[in-house]
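The structure appears right after this line, and notes come after that.
Every read-out reported here was derived from the displayed coordinates using simple, explicitly stated rules and does not represent laboratory data. Just so we're clear, the structure is a prediction, and the values are computed from it rather than from any experiment. Glycine gets a Cβ as well: all are built from the backbone with ideal geometry, and neighbour counts include every protein chain shown.
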Amino acid sequence: YGVPGLALRTAARRGDLIAGTTADPAVRADPFPAYDAIRARGPLVRNRVVNATATHSVASAVLRSEEFLVAPSAAPTSWLGVLSAAALDPRALGPTDPPSLLAIQPPDHTRLRRLVSRAFTARAVSGFTERIREIADGLLDDIAGRTAPTFDLIESYAALVPVTVIAEIIGVPAAMRRQFLAWGNEAALTLDPGLSWRDYRSAERALRASHRWLAEHIASLRRSPSNEMLGDLVHLVDDGDRLTDTELRATALLLLGAGFETTVNLIGNAVALLLEHPEQLARLREDPSGWDNAVEEVLRYDSPVQVTVRTARSTTEVAGVRVREGSNVLVMLGGANRDPAVFEDPHTFDVTRGNARDHLAFSAGIHYCLGASLARLEAGIALRALFERFPGLSAAGAPTRRGTRVLRGYQALPLSS
Ligand code: HEM
């Protein structure tokens, strides 16, 4: 491990709750008691390098506040303000360089988001319903056609539905999808603080390779138009405004990465939870109109993105606590989603919960997830199709969690059909 990992782990060993949620594997496996402890200590708590909140109202206010910006273009490995691999290498290529939507501020953000968002409105996304169903059914056919009754849900299904859908929307050829999945898994590590030098290097290689491929692909789209989203964006001119090649690469990569690295966790977490709560699964089988709310409850209870970060634009106050200019606030989305002030019995998984949709799993404010409608639709279709196809679906061994800190999901989820 490089310096950041060490610093974080040392702080975690000394009982630093905030560091523990990312650096201590035991806390990470079940971070919810730590979030409760942070919330009990105050609406905004602080260690030597960072502020954090697991309180819903404060998290929501910080995310919506103009006083706070997304972390500027330094790679998020330096989130905690400690020496980071990125800081040591000025040419380092993080997911925010060239800057994507997630790393830029208005007015650039407003302009880029407006250009891209038309493809992801709830209405535009509902047009993908049939195709998502076909993709899910095709993958289930493959699973059903195997001789062995056991399969890994993540590898054979949960990862493939989202990557196939987003790659089709953007216009990445089928032959490249597994490659992007592999690059995405390596690159996702850069979301985490305290990254080892080796992981950092492999993430950087994956990012560079995907940028190279996309640069060539965009050049070919400039020569010959295509109907997919990237093709449209390449040729889009809006009030004389158009996306530069750098913006196109950054946007395509963000959409691809955000499109599958998160939804895989939503589908995996949902299946694990429903198999643990057969009575709730039975209720959904009886009344499939409950599926949409069940997806919201999974998002709340086991949020695929556990934490995000904001930087104070100037010295300000949050919940009575002074936050200095340039200092960071860790917004613990997974903790806010278990806040008893908003969710009754927050640690109970209940697919019929009335206000499940009040979760912050998709963030809030101007960076609210652009793909929220797509993720909801995909997960609803994929889950229903899976449980309809295999009525006797059951666990076939111990699941393993991903080692990632920001993203929360399963690495492997062995099931028996
Ligand atoms: C932003 C979560 C699926 C595209 C975000 C953010 C969160 C999030 C928490 C904001 C981070 C912040 O405020 O710092 C999720 C979850 C998903 C999911 C939990 C699935 C369960 C998707 C999909 C797409 C997507 C399918 C593909 C279109 C984006 C984009 C942004 C974003 C482009 C940046 C928006 C901006 O900065 O304006 N997502 N996401 N996401 N997401 Fe998602």
Exercise. When DSSP beta bridges are limited to those with both residues in the chain, what percentage is antiparallel, rounded to the nearest 5?
Worked result: 90
Exercise. So which GluC sites (Glu not before Pro) in region 266-333 end up in coil per DSSP with only 12 or fewer other C-beta atoms within 10 Å?
Worked result: Glu325
Exercise. With each label point set 7 Å from Cα along the Cα-Cβ vector, what nm distance links Asn355 and Arg201?
Worked result: 5.1
Exercise. How much length, in nm to one decimal, is gained on full extension between Arg64 and Thr147, taken as 0.36 nm per residue of separation minus their Cα-Cα distance?
Worked result: 24.7 nm
Seminar exercise, completed: Of 377-383, 155-161, ordering from highest average Cβ density within 10 Å down gives 377-383, 155-161
Exercise. If amide H atoms are built 1.01 Å from N in the plane of the peptide, which residues on other chains or at least 5 residues away come under 5 Å of the amide H of Val305?
Worked result: Arg408
Exercise. Taking Cα centroids, how far is region 129-183 from region 232-293 in Å?
Worked result: 13
For this session: Please order His235, His211, His56 by the number of other Cβ within 10 Å, starting at the fewest.
Result: His235, His211, His56
Seminar exercise, completed: GNM on the chain, Cα springs under 10 Å; top mean-square fluctuation among Thr129, Thr263, Thr22 goes to Thr129
Exercise. Distances over 38 Å make up what percent of all Cα-Cα pairs in the chain?
Worked result: 18
For this session: Only helical DSSP H runs with n ≥ 4 go in: add -39500 (n - 2.57) per run for the chain, normalise by residue count and round the 222 nm mean residue ellipticity to 500 deg cm²/dmol.
Result: -15000 deg cm²/dmol
Problem set entry | Other-chain or far-sequence residues with amide H under 5 Å of Ala412's (modelled H) | Thr400
For this session: Report the extension gain between Glu134 and Glu388 in nm, rounded to one decimal, defined as 0.36 nm multiplied by the number of residues separating them, less their alpha carbon distance.
Result: 90.0 nm
Seminar exercise, completed: Ordering 346-355, 303-312, 391-400 by per-residue average of other C-beta atoms within 10 angstrom, highest first, gives 303-312, 346-355, 391-400
Exercise. So which trypsin sites (Lys or Arg not before Pro) in region 170-261 end up in coil per DSSP with only 14 or fewer other C-beta atoms within 10 Å?
Worked result: Arg242
Exercise. Near Ala372, within a Cβ-to-Cβ distance under 12 Å, what is the net charge of the other residues, with Lys and Arg +1 and Asp and Glu -1?
Worked result: 0
Exercise. Going by how many other beta carbons lie within 10 Å of each one, how would you line up Thr404, Thr10, fewest first?
Worked result: Thr10, Thr404
Exercise. Which of the peptides 116-126, 328-338 is most tightly packed, and how do the rest follow, going by the mean number of other Cβ atoms within 10 Å of each residue?
Worked result: 328-338, 116-126
